[in-house]
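Here the structure comes first, spelled out in structure tokens, and everything after it is commentary.
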């Protein structure tokens, strides 16, 4: 059976980071550091979620002259709902795996 969209462990880690404060605009670099995802993994996920209107995106001007603007991201209302669903499903799956490894008393 195929995995449902947005259920990869990397996407779930990104959802967890964004759900910590869904209304806050976040930089890709900060999300990369928080999630441990490399830019080659993170940015394709961000672009896909943005294209599916699960993320709002924007540009923020730099405070330092000569520095380019930075791209920012935050979850949309639909993105928050999906992120909560996917992180809850991942947590249930993890608990199920942990329960399978608990030795039973005879």
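The values are calculated or read from the model by the stated rules, or taken from the named source; none is laboratory data. Here the structure is a predicted model, which means the values were calculated and not measured. Neighbour counts are summed over all protein chains in view; Cβ atoms, including those assigned to glycine, are modelled from backbone coordinates with ideal geometry.
In segment 39-80, the qualifying residues are those that are without any contact (Cβ under 8 Å) to a residue 12 or more places away in the chain and in a helix (DSSP H, G or I), and the one that is nearest to residue 20 (Cα to Cα) is 77. So residue 62 ticks every box in (1) surrounded by 16 or more Cβ atoms within 10 Å (Cβ to Cβ); (2) over 17 Å from residue 12 (Cα atoms); (3) at pLDDT below 95 but one. Which box is left unticked? For residue 62, the failing item is (1). Number of residues in segment 17-29 that are in a helix (DSSP H, G or I) and modelled with pLDDT under 95 equals 2.
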